[in-house]
Amino acid sequence: MPEASQNGVDAAIGILCALAAANGSARGSVLARQLNIPRASFHRVARVLAAAGLLTIERGLLRVGPACAAFIAANAADLARQDARREQRARGRNGPQPMPVLSLEPEAPLVLSPPVQRRRSRRLRIGFSNTSMGNPWRVALVHSIEHAAANLGDEIEWLRVRHAGGSRKQQVADIQALVDEGVDGLLVSSTIPDAVAEAVAGAMARDVAVVLVERGVSAEVPHTSFVTADDAVIGRTTALWLAETLKGEGGVVLLSGRADAVPAQLRLAAAREVFARFPGIEILDTIWTDWERNRARRSVSEAIARWGDAIAGVWCDSGQQGVGSIEAFVEAGYGPGTIPPHTGGDINLCYKLAIRHQVRMVATDYPPAMGLRAVEALHASLAGNWVPRFIDVPSDVVLSRGAATRSVRSNLVLDDHVRWDLPDNLILGSGLGPSYNPRAFRIRYPGNVYNRSAAPQVLL
(Lines give C-alpha, C1' and ligand atoms only; values in the text may rest on other atoms or scores of the structure.)
Protein backbone atom coordinates (compact mmCIF):
# COMPACT_ATOMS: atom_id res chain seq x y z
CA MET A 1 0.00 0.00 0.00
CA PRO A 2 1.60 3.31 -1.03
CA GLU A 3 2.29 5.76 1.78
CA ALA A 4 1.13 9.37 1.96
CA SER A 5 4.77 10.54 1.75
CA GLN A 6 5.50 8.76 -1.53
CA ASN A 7 6.86 10.78 -4.44
CA GLY A 8 4.86 11.74 -7.54
CA VAL A 9 6.27 8.95 -9.69
CA ASP A 10 5.28 6.26 -7.17
CA ALA A 11 1.86 7.84 -6.81
CA ALA A 12 1.38 7.86 -10.60
CA ILE A 13 2.41 4.22 -10.86
CA GLY A 14 0.08 3.34 -7.98
CA ILE A 15 -2.87 5.10 -9.64
CA LEU A 16 -2.33 3.34 -12.98
CA CYS A 17 -1.90 -0.07 -11.33
CA ALA A 18 -5.04 0.45 -9.26
CA LEU A 19 -6.97 1.43 -12.38
CA ALA A 20 -5.78 -1.71 -14.15
CA ALA A 21 -6.88 -3.83 -11.18
CA ALA A 22 -10.29 -2.13 -11.31
CA ASN A 23 -10.80 -3.13 -14.96
CA GLY A 24 -9.90 0.32 -16.25
CA SER A 25 -12.18 2.68 -14.33
CA ALA A 26 -12.76 3.78 -10.72
CA ARG A 27 -13.87 6.78 -8.69
CA GLY A 28 -11.02 9.11 -7.83
CA SER A 29 -12.12 9.38 -4.20
CA VAL A 30 -12.05 5.58 -3.87
CA LEU A 31 -8.56 5.32 -5.37
CA ALA A 32 -7.20 8.12 -3.17
CA ARG A 33 -8.38 6.30 -0.03
CA GLN A 34 -7.18 2.94 -1.33
CA LEU A 35 -3.71 4.27 -2.12
CA ASN A 36 -3.49 6.49 0.97
CA ILE A 37 -2.62 9.56 -1.11
CA PRO A 38 -3.62 13.02 0.15
CA ARG A 39 -6.51 14.38 -1.87
CA ALA A 40 -4.67 17.42 -3.25
CA SER A 41 -1.66 15.33 -4.23
CA PHE A 42 -3.87 12.68 -5.82
CA HIS A 43 -5.69 15.19 -8.02
CA ARG A 44 -2.43 16.91 -9.00
CA VAL A 45 -0.90 13.60 -10.14
CA ALA A 46 -4.13 12.54 -11.87
CA ARG A 47 -4.20 15.79 -13.88
CA VAL A 48 -0.62 15.21 -15.04
CA LEU A 49 -1.50 11.66 -16.14
CA ALA A 50 -4.60 12.94 -17.93
CA ALA A 51 -2.57 15.57 -19.77
CA ALA A 52 -0.29 12.78 -21.02
CA GLY A 53 -3.25 10.75 -22.25
CA LEU A 54 -2.63 7.99 -19.70
CA LEU A 55 -6.06 8.42 -18.11
CA THR A 56 -9.22 10.46 -18.49
CA ILE A 57 -11.15 12.26 -15.76
CA GLU A 58 -14.89 12.79 -16.01
CA ARG A 59 -16.85 14.04 -13.01
CA GLY A 60 -14.63 12.27 -10.55
CA LEU A 61 -14.46 9.03 -12.55
CA LEU A 62 -11.00 7.98 -13.73
CA ARG A 63 -10.58 5.77 -16.79
CA VAL A 64 -7.57 4.33 -18.57
CA GLY A 65 -6.64 6.81 -21.31
CA PRO A 66 -5.84 6.07 -24.97
CA ALA A 67 -2.05 6.05 -24.55
CA CYS A 68 -2.18 3.71 -21.55
CA ALA A 69 -4.82 1.50 -23.17
CA ALA A 70 -2.63 1.00 -26.23
CA PHE A 71 0.33 0.02 -24.04
CA ILE A 72 -1.80 -2.40 -22.01
CA ALA A 73 -3.25 -3.90 -25.19
CA ALA A 74 0.21 -4.45 -26.62
CA ASN A 75 1.36 -6.24 -23.47
CA ALA A 76 -1.86 -8.25 -23.24
CA ALA A 77 -1.40 -9.35 -26.84
CA ASP A 78 2.14 -10.48 -26.09
CA LEU A 79 0.95 -12.47 -23.08
CA ALA A 80 -1.81 -14.03 -25.18
CA ARG A 81 0.72 -15.13 -27.78
CA GLN A 82 2.90 -16.67 -25.09
CA ASP A 83 -0.09 -18.50 -23.58
CA ALA A 84 -1.12 -19.82 -26.99
CA ARG A 85 2.39 -21.14 -27.67
CA ARG A 86 2.58 -22.83 -24.26
CA GLU A 87 -0.86 -24.41 -24.74
CA GLN A 88 0.05 -25.70 -28.19
CA ARG A 89 3.30 -27.25 -26.90
CA ALA A 90 1.44 -28.86 -23.98
CA ARG A 91 -1.17 -30.43 -26.23
CA GLY A 92 1.33 -31.62 -28.81
CA ARG A 93 -1.52 -32.02 -31.29
CA ASN A 94 -1.07 -33.15 -34.90
CA GLY A 95 -3.01 -32.34 -38.06
CA PRO A 96 -4.22 -28.83 -38.93
CA GLN A 97 -2.76 -26.31 -36.52
CA PRO A 98 -5.32 -23.56 -35.81
CA MET A 99 -3.83 -20.13 -35.44
CA PRO A 100 -3.78 -18.18 -32.18
CA VAL A 101 -7.04 -16.30 -31.70
CA LEU A 102 -6.48 -13.32 -29.47
CA SER A 103 -3.80 -11.48 -31.41
CA LEU A 104 -2.29 -12.21 -34.76
CA GLU A 105 -0.52 -8.94 -35.49
CA PRO A 106 3.27 -8.85 -35.72
CA GLU A 107 4.99 -7.38 -32.72
CA ALA A 108 5.69 -3.70 -33.18
CA PRO A 109 6.71 -0.82 -30.93
CA LEU A 110 4.10 1.71 -29.85
CA VAL A 111 4.20 4.66 -32.26
CA LEU A 112 3.04 8.07 -31.04
CA SER A 113 1.91 11.09 -33.05
CA PRO A 114 2.92 14.60 -31.96
CA PRO A 115 0.16 17.03 -31.02
CA VAL A 116 -1.13 19.48 -33.60
CA GLN A 117 0.04 23.02 -32.95
CA ARG A 118 -3.05 25.05 -32.10
CA ARG A 119 -2.69 28.83 -32.08
CA ARG A 120 -6.27 29.55 -31.05
CA SER A 121 -7.46 29.93 -27.47
CA ARG A 122 -11.18 29.51 -28.16
CA ARG A 123 -13.12 26.35 -27.44
CA LEU A 124 -12.64 23.36 -29.71
CA ARG A 125 -14.50 22.90 -32.97
CA ILE A 126 -14.84 19.26 -34.01
CA GLY A 127 -16.15 17.74 -37.22
CA PHE A 128 -17.10 14.19 -38.15
CA SER A 129 -17.11 13.15 -41.79
CA ASN A 130 -19.08 9.90 -42.00
CA THR A 131 -19.27 7.89 -45.19
CA SER A 132 -22.94 6.94 -44.91
CA MET A 133 -25.83 5.96 -42.66
CA GLY A 134 -26.66 2.61 -44.24
CA ASN A 135 -27.25 0.41 -41.19
CA PRO A 136 -27.82 0.43 -37.40
CA TRP A 137 -24.09 0.02 -36.71
CA ARG A 138 -23.50 3.44 -38.23
CA VAL A 139 -26.18 4.87 -35.95
CA ALA A 140 -24.37 3.47 -32.91
CA LEU A 141 -21.06 4.91 -34.13
CA VAL A 142 -22.56 8.38 -34.43
CA HIS A 143 -24.17 8.04 -30.99
CA SER A 144 -20.81 7.00 -29.53
CA ILE A 145 -19.08 10.04 -31.00
CA GLU A 146 -21.84 12.40 -29.86
CA HIS A 147 -21.75 10.95 -26.35
CA ALA A 148 -18.00 11.51 -26.14
CA ALA A 149 -18.40 15.08 -27.40
CA ALA A 150 -21.08 15.73 -24.79
CA ASN A 151 -18.65 14.55 -22.12
CA LEU A 152 -16.27 17.34 -23.13
CA GLY A 153 -18.90 19.88 -22.10
CA ASP A 154 -17.84 23.49 -22.49
CA GLU A 155 -14.42 22.51 -23.81
CA ILE A 156 -15.96 22.37 -27.29
CA GLU A 157 -17.76 25.10 -29.20
CA TRP A 158 -19.50 22.69 -31.56
CA LEU A 159 -19.56 19.25 -33.14
CA ARG A 160 -20.75 19.02 -36.73
CA VAL A 161 -21.57 15.71 -38.40
CA ARG A 162 -21.81 15.24 -42.17
CA HIS A 163 -22.94 12.05 -43.94
CA ALA A 164 -21.67 11.53 -47.48
CA GLY A 165 -24.30 9.03 -48.58
CA GLY A 166 -21.64 6.57 -49.70
CA SER A 167 -20.24 9.04 -52.26
CA ARG A 168 -16.46 9.42 -52.39
CA LYS A 169 -16.77 12.80 -54.09
CA GLN A 170 -19.23 14.05 -51.47
CA GLN A 171 -17.03 12.91 -48.60
CA VAL A 172 -14.03 14.76 -49.98
CA ALA A 173 -16.24 17.85 -50.29
CA ASP A 174 -17.49 17.33 -46.71
CA ILE A 175 -13.95 17.16 -45.33
CA GLN A 176 -12.90 20.28 -47.19
CA ALA A 177 -16.05 22.12 -46.05
CA LEU A 178 -15.45 21.24 -42.39
CA VAL A 179 -11.86 22.41 -42.64
CA ASP A 180 -13.03 25.67 -44.25
CA GLU A 181 -15.54 26.11 -41.42
CA GLY A 182 -12.63 26.18 -38.98
CA VAL A 183 -12.52 22.78 -37.29
CA ASP A 184 -9.61 22.19 -34.95
CA GLY A 185 -10.01 18.44 -35.13
CA LEU A 186 -11.60 16.08 -37.59
CA LEU A 187 -12.93 12.51 -37.33
CA VAL A 188 -13.16 10.59 -40.62
CA SER A 189 -14.80 7.24 -41.37
CA SER A 190 -14.59 6.41 -45.06
CA THR A 191 -15.80 3.51 -47.22
CA ILE A 192 -12.79 3.80 -49.53
CA PRO A 193 -9.98 5.09 -47.30
CA ASP A 194 -7.52 6.09 -50.00
CA ALA A 195 -10.24 8.06 -51.80
CA VAL A 196 -10.04 10.64 -49.00
CA ALA A 197 -6.26 10.45 -48.55
CA GLU A 198 -5.59 13.76 -50.29
CA ALA A 199 -8.31 15.53 -48.30
CA VAL A 200 -6.96 14.09 -45.03
CA ALA A 201 -3.41 15.17 -45.89
CA GLY A 202 -4.72 18.62 -46.81
CA ALA A 203 -6.46 18.97 -43.45
CA MET A 204 -3.30 17.97 -41.59
CA ALA A 205 -1.33 20.52 -43.64
CA ARG A 206 -3.67 23.19 -42.28
CA ASP A 207 -2.93 22.15 -38.66
CA VAL A 208 -6.17 20.21 -38.26
CA ALA A 209 -5.78 17.02 -36.19
CA VAL A 210 -7.32 14.06 -38.06
CA VAL A 211 -8.35 10.84 -36.31
CA LEU A 212 -9.50 8.04 -38.59
CA VAL A 213 -12.33 5.87 -37.27
CA GLU A 214 -12.77 2.22 -38.26
CA ARG A 215 -10.98 2.56 -41.62
CA GLY A 216 -7.54 4.03 -42.13
CA VAL A 217 -5.43 5.36 -44.97
CA SER A 218 -2.03 4.35 -46.33
CA ALA A 219 0.73 4.67 -43.76
CA GLU A 220 2.44 7.47 -45.68
CA VAL A 221 -0.66 9.71 -45.54
CA PRO A 222 -0.32 12.14 -42.61
CA HIS A 223 -2.86 11.58 -39.84
CA THR A 224 -2.96 11.85 -36.07
CA SER A 225 -4.38 8.46 -35.08
CA PHE A 226 -6.32 5.49 -36.41
CA VAL A 227 -8.91 3.93 -34.08
CA THR A 228 -10.38 0.59 -35.10
CA ALA A 229 -10.95 -3.03 -34.13
CA ASP A 230 -8.85 -5.84 -35.61
CA ASP A 231 -10.86 -7.09 -38.58
CA ALA A 232 -8.38 -9.88 -39.33
CA VAL A 233 -8.74 -11.26 -35.81
CA ILE A 234 -12.52 -11.15 -36.14
CA GLY A 235 -12.37 -13.10 -39.40
CA ARG A 236 -9.90 -15.66 -38.10
CA THR A 237 -11.62 -16.20 -34.76
CA THR A 238 -15.04 -16.83 -36.25
CA ALA A 239 -13.72 -19.02 -39.07
CA LEU A 240 -11.61 -21.04 -36.66
CA TRP A 241 -14.61 -21.65 -34.39
CA LEU A 242 -16.77 -22.74 -37.32
CA ALA A 243 -14.11 -25.09 -38.71
CA GLU A 244 -13.52 -26.71 -35.33
CA THR A 245 -17.26 -26.93 -34.61
CA LEU A 246 -17.64 -28.85 -37.89
CA LYS A 247 -14.65 -31.03 -36.91
CA GLY A 248 -12.89 -29.92 -40.06
CA GLU A 249 -15.47 -31.38 -42.45
CA GLY A 250 -18.36 -29.94 -44.45
CA GLY A 251 -19.52 -27.27 -46.86
CA VAL A 252 -19.73 -23.64 -45.76
CA VAL A 253 -21.29 -20.55 -47.27
CA LEU A 254 -19.46 -17.26 -46.70
CA LEU A 255 -21.50 -14.06 -46.35
CA SER A 256 -19.36 -10.96 -46.51
CA GLY A 257 -20.21 -7.25 -46.37
CA ARG A 258 -19.34 -4.72 -49.06
CA ALA A 259 -16.84 -5.73 -51.71
CA ASP A 260 -15.26 -2.25 -51.66
CA ALA A 261 -15.07 -1.96 -47.85
CA VAL A 262 -11.70 -2.68 -46.27
CA PRO A 263 -13.12 -4.29 -43.06
CA ALA A 264 -15.08 -6.81 -45.15
CA GLN A 265 -12.03 -7.54 -47.31
CA LEU A 266 -9.81 -8.12 -44.27
CA ARG A 267 -12.32 -10.37 -42.49
CA LEU A 268 -12.96 -12.48 -45.58
CA ALA A 269 -9.26 -12.89 -46.39
CA ALA A 270 -8.54 -13.95 -42.80
CA ALA A 271 -11.44 -16.43 -42.80
CA ARG A 272 -10.31 -17.98 -46.07
CA GLU A 273 -6.80 -18.33 -44.67
CA VAL A 274 -8.16 -20.35 -41.76
CA PHE A 275 -10.50 -22.53 -43.83
CA ALA A 276 -7.58 -23.37 -46.13
CA ARG A 277 -5.90 -25.07 -43.17
CA PHE A 278 -8.74 -27.59 -42.98
CA PRO A 279 -8.74 -29.73 -46.16
CA GLY A 280 -12.15 -31.18 -45.33
CA ILE A 281 -13.85 -27.76 -45.38
CA GLU A 282 -15.36 -26.87 -48.77
CA ILE A 283 -16.37 -23.30 -49.50
CA LEU A 284 -19.63 -23.72 -51.43
CA ASP A 285 -20.16 -20.05 -52.21
CA THR A 286 -18.97 -16.55 -51.27
CA ILE A 287 -21.70 -13.89 -51.33
CA TRP A 288 -21.37 -10.12 -50.95
CA THR A 289 -24.39 -8.79 -49.07
CA ASP A 290 -23.55 -5.08 -48.61
CA TRP A 291 -24.32 -5.74 -44.92
CA GLU A 292 -28.02 -5.80 -45.77
CA ARG A 293 -30.29 -8.20 -43.90
CA ASN A 294 -32.78 -8.69 -46.75
CA ARG A 295 -30.09 -9.30 -49.35
CA ALA A 296 -28.52 -11.92 -47.07
CA ARG A 297 -31.90 -13.62 -46.59
CA ARG A 298 -32.53 -13.80 -50.35
CA SER A 299 -29.00 -15.04 -51.06
CA VAL A 300 -29.16 -17.78 -48.43
CA SER A 301 -32.61 -18.86 -49.64
CA GLU A 302 -31.06 -19.36 -53.07
CA ALA A 303 -28.11 -21.22 -51.55
CA ILE A 304 -30.46 -23.55 -49.62
CA ALA A 305 -32.37 -24.27 -52.81
CA ARG A 306 -29.11 -25.14 -54.54
CA TRP A 307 -27.10 -26.91 -51.84
CA GLY A 308 -29.69 -28.07 -49.30
CA ASP A 309 -28.28 -30.03 -46.38
CA ALA A 310 -24.80 -29.86 -47.90
CA ILE A 311 -24.55 -26.50 -46.10
CA ALA A 312 -22.90 -27.51 -42.84
CA GLY A 313 -22.20 -23.99 -41.62
CA VAL A 314 -22.59 -20.31 -42.50
CA TRP A 315 -19.81 -17.81 -41.93
CA CYS A 316 -21.02 -14.20 -41.62
CA ASP A 317 -18.68 -11.28 -41.06
CA SER A 318 -21.38 -9.42 -39.09
CA GLY A 319 -24.75 -9.94 -37.47
CA GLN A 320 -26.62 -8.22 -40.30
CA GLN A 321 -25.99 -11.24 -42.52
CA GLY A 322 -26.49 -13.57 -39.58
CA VAL A 323 -30.04 -12.27 -39.08
CA GLY A 324 -30.93 -12.66 -42.76
CA SER A 325 -29.36 -16.11 -42.98
CA ILE A 326 -31.17 -17.55 -39.94
CA GLU A 327 -34.44 -16.10 -41.23
CA ALA A 328 -33.86 -17.86 -44.57
CA PHE A 329 -33.35 -21.23 -42.87
CA VAL A 330 -36.49 -20.75 -40.78
CA GLU A 331 -38.48 -19.86 -43.92
CA ALA A 332 -37.10 -23.02 -45.57
CA GLY A 333 -38.62 -25.14 -42.82
CA TYR A 334 -35.62 -25.79 -40.59
CA GLY A 335 -36.80 -26.29 -37.01
CA PRO A 336 -35.10 -25.38 -33.71
CA GLY A 337 -31.76 -27.11 -33.34
CA THR A 338 -31.52 -28.09 -37.04
CA ILE A 339 -30.13 -24.86 -38.50
CA PRO A 340 -26.37 -25.15 -39.24
CA PRO A 341 -23.89 -23.30 -37.01
CA HIS A 342 -23.51 -19.60 -37.77
CA THR A 343 -21.17 -16.75 -36.98
CA GLY A 344 -22.43 -13.23 -36.44
CA GLY A 345 -22.45 -10.53 -33.80
CA ASP A 346 -23.08 -6.82 -33.29
CA ILE A 347 -26.86 -6.65 -33.54
CA ASN A 348 -29.29 -7.67 -30.80
CA LEU A 349 -31.66 -9.50 -33.16
CA CYS A 350 -28.89 -11.85 -34.25
CA TYR A 351 -28.53 -13.05 -30.66
CA LYS A 352 -32.29 -13.27 -30.17
CA LEU A 353 -32.74 -15.44 -33.29
CA ALA A 354 -29.80 -17.72 -32.45
CA ILE A 355 -31.23 -18.42 -28.98
CA ARG A 356 -34.84 -18.70 -30.16
CA HIS A 357 -33.99 -21.20 -32.90
CA GLN A 358 -31.20 -22.99 -30.99
CA VAL A 359 -28.48 -22.10 -33.49
CA ARG A 360 -24.92 -22.70 -32.31
CA MET A 361 -23.06 -19.46 -32.81
CA VAL A 362 -19.88 -17.54 -32.20
CA ALA A 363 -20.34 -13.79 -32.31
CA THR A 364 -17.92 -10.89 -32.28
CA ASP A 365 -19.21 -7.43 -31.48
CA TYR A 366 -17.49 -4.94 -33.77
CA PRO A 367 -17.44 -2.14 -31.22
CA PRO A 368 -18.93 1.27 -32.12
CA ALA A 369 -17.13 2.30 -28.90
CA MET A 370 -14.24 3.11 -31.23
CA GLY A 371 -16.10 6.41 -31.74
CA LEU A 372 -15.64 7.22 -28.05
CA ARG A 373 -11.96 6.33 -28.20
CA ALA A 374 -11.49 8.41 -31.34
CA VAL A 375 -12.89 11.54 -29.68
CA GLU A 376 -10.66 10.91 -26.65
CA ALA A 377 -7.59 10.63 -28.89
CA LEU A 378 -8.55 13.76 -30.81
CA HIS A 379 -9.13 15.72 -27.62
CA ALA A 380 -5.80 14.57 -26.19
CA SER A 381 -3.96 15.67 -29.32
CA LEU A 382 -5.67 19.06 -29.35
CA ALA A 383 -4.75 19.44 -25.68
CA GLY A 384 -1.09 19.23 -26.66
CA ASN A 385 -0.38 15.55 -25.93
CA TRP A 386 1.28 12.83 -27.96
CA VAL A 387 -1.23 10.11 -28.80
CA PRO A 388 -0.91 6.54 -30.15
CA ARG A 389 -0.89 6.48 -33.93
CA PHE A 390 -2.90 3.25 -33.80
CA ILE A 391 -5.54 2.33 -31.20
CA ASP A 392 -7.12 -1.14 -31.26
CA VAL A 393 -10.50 -1.41 -29.54
CA PRO A 394 -10.97 -5.08 -28.52
CA SER A 395 -13.93 -7.07 -29.85
CA ASP A 396 -15.87 -9.27 -27.44
CA VAL A 397 -16.21 -12.95 -28.35
CA VAL A 398 -19.61 -14.37 -27.43
CA LEU A 399 -20.52 -18.07 -27.66
CA SER A 400 -23.64 -20.18 -27.45
CA ARG A 401 -23.68 -22.02 -24.15
CA GLY A 402 -21.51 -25.12 -24.35
CA ALA A 403 -20.23 -24.24 -27.84
CA ALA A 404 -16.57 -23.62 -27.00
CA THR A 405 -13.99 -25.36 -29.17
CA ARG A 406 -10.41 -26.30 -28.40
CA SER A 407 -9.14 -22.93 -29.67
CA VAL A 408 -12.07 -20.53 -29.17
CA ARG A 409 -13.42 -20.01 -25.69
CA SER A 410 -15.14 -17.15 -23.91
CA ASN A 411 -16.76 -16.33 -20.59
CA LEU A 412 -19.48 -14.43 -22.48
CA VAL A 413 -22.48 -16.52 -23.54
CA LEU A 414 -25.34 -15.50 -25.80
CA ASP A 415 -27.96 -16.01 -23.08
CA ASP A 416 -26.29 -13.41 -20.85
CA HIS A 417 -25.26 -11.03 -23.62
CA VAL A 418 -28.60 -10.66 -25.42
CA ARG A 419 -30.91 -7.81 -24.41
CA TRP A 420 -34.49 -9.08 -24.64
CA ASP A 421 -35.73 -5.80 -23.15
CA LEU A 422 -34.19 -3.59 -25.84
CA PRO A 423 -34.84 -3.09 -29.58
CA ASP A 424 -33.81 -5.65 -32.18
CA ASN A 425 -31.57 -3.09 -33.89
CA LEU A 426 -29.57 -2.35 -30.75
CA ILE A 427 -25.86 -2.62 -31.55
CA LEU A 428 -23.92 -4.03 -28.62
CA GLY A 429 -20.38 -2.88 -27.89
CA SER A 430 -21.33 0.80 -28.16
CA GLY A 431 -19.58 1.73 -24.92
CA LEU A 432 -22.69 3.70 -23.90
CA GLY A 433 -23.68 1.51 -20.98
CA PRO A 434 -26.37 -1.12 -20.34
CA SER A 435 -29.22 1.38 -20.50
CA TYR A 436 -28.37 2.57 -24.03
CA ASN A 437 -31.45 2.44 -26.25
CA PRO A 438 -30.87 3.76 -29.78
CA ARG A 439 -34.54 4.59 -30.26
CA ALA A 440 -34.69 6.70 -27.12
CA PHE A 441 -31.24 8.26 -27.54
CA ARG A 442 -31.15 12.01 -26.93
CA ILE A 443 -27.95 13.96 -26.58
CA ARG A 444 -26.94 17.47 -25.64
CA TYR A 445 -23.68 19.01 -26.71
CA PRO A 446 -22.61 22.51 -27.80
CA GLY A 447 -23.96 23.34 -31.23
CA ASN A 448 -26.78 20.77 -31.00
CA VAL A 449 -29.79 23.05 -30.61
CA TYR A 450 -32.58 20.49 -30.28
CA ASN A 451 -30.71 17.77 -28.34
CA ARG A 452 -31.26 15.37 -31.23
CA SER A 453 -28.73 12.98 -32.68
CA ALA A 454 -27.27 13.58 -36.13
CA ALA A 455 -28.06 9.91 -36.86
CA PRO A 456 -31.46 9.44 -38.58
CA GLN A 457 -34.08 7.49 -36.63
CA VAL A 458 -35.36 5.80 -39.80
CA LEU A 459 -32.76 3.04 -39.44
CA LEU A 460 -34.10 2.03 -36.04
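The values are calculated or read from the model by the stated rules, or taken from the named source; none is laboratory data. Fair warning: this is a prediction, and the values are worked out from it, not measured in the lab. Please note: Cβ atoms are built from the backbone with ideal geometry, for glycine as well, and neighbour counts cover all protein chains shown. The area values use the complete protein model at the heavy-atom level, side chains included, leaving out ligands, DNA and RNA. Shrake-Rupley method; radii C 1.70, N 1.55, O 1.52, S 1.80 Å.
Computed from backbone phi with θ = phi - 60° and the Karplus coefficients 6.51, -1.76 and 1.60, the 3J(HN,Hα) list for the range 133-138 is 10, x, 7, x, 4, 5 Hz; x is used for glycine and proline. Sites listed here are chymotrypsin sites (Phe, Trp or Tyr not before Pro) in the range 402-451 whose DSSP assignment is loop and whose Cβ has at most 16 other Cβ atoms within 10 Å: Trp420, Tyr450.
Per the Debye calculation on the range 232-381 with a single equal scatterer at every Cα and no solvent contribution, log₁₀ I(q)/I(0) for q = 0.12, 0.15 Å⁻¹ amounts to -0.46, -0.69. Solvent-accessible area assigned to carbon and sulfur over the chain amounts to 51 percent, based on a 1.4 Å probe. Between 0 and 90 degrees, the angle of helix 66-91 with respect to the longest Cα principal axis of the chain falls at about 40 degrees.
The phi torsions of the range 156-166, fed into the Karplus equation with coefficients 6.51, -1.76 and 1.60 and a -60° offset, translate into couplings of 10, 8, 6, 10, 10, 10, 10, 9, 8, x, x Hz, rounded to whole numbers, with Gly and Pro shown as x. For the range 176-255, a crude dipole built from +1 on the beta carbon of Lys and Arg and -1 on the beta carbon of Asp and Glu, taken about the Cα centre, is about 300 debye to the nearest 20. Taking the C-alpha atoms only, the angle from helix 231-245 to the longest principal axis of the chain is near 30 degrees.
Taking amide H as placed 1.01 Å from N in the peptide plane, the amide H of Phe128 sits under 5 Å from that of Arg160, Val161, Arg162, Leu187, each at least 5 places away or on another chain. Among the trypsin sites (Lys or Arg not before Pro) found in the range 192-241, those both in a DSSP coil and sparsely packed, with 16 or fewer other Cβ atoms within 10 Å of their Cβ, are Arg206. Return one number: the angle in degrees, 0 to 90 and rounded to the nearest 10, between the long axis of the Cα atoms of helix 319-331 and the longest principal axis of the Cα atoms of the chain. The angle comes out at about 30 degrees. Here is the size of the chain from its Cα atoms: Rg then Dmax, 22.8, 75 Å. Along the chain, counting only GluC sites (Glu not before Pro) with a DSSP assignment other than H, G, I, E or B and at most 16 other Cβ atoms inside a 10 Å radius, the longest segment between sites is 250-460. Using a probe of 1.4 angstrom and keeping all protein chains present, the accessible surface of the range 378-460 works out to 53 square angstrom per residue.
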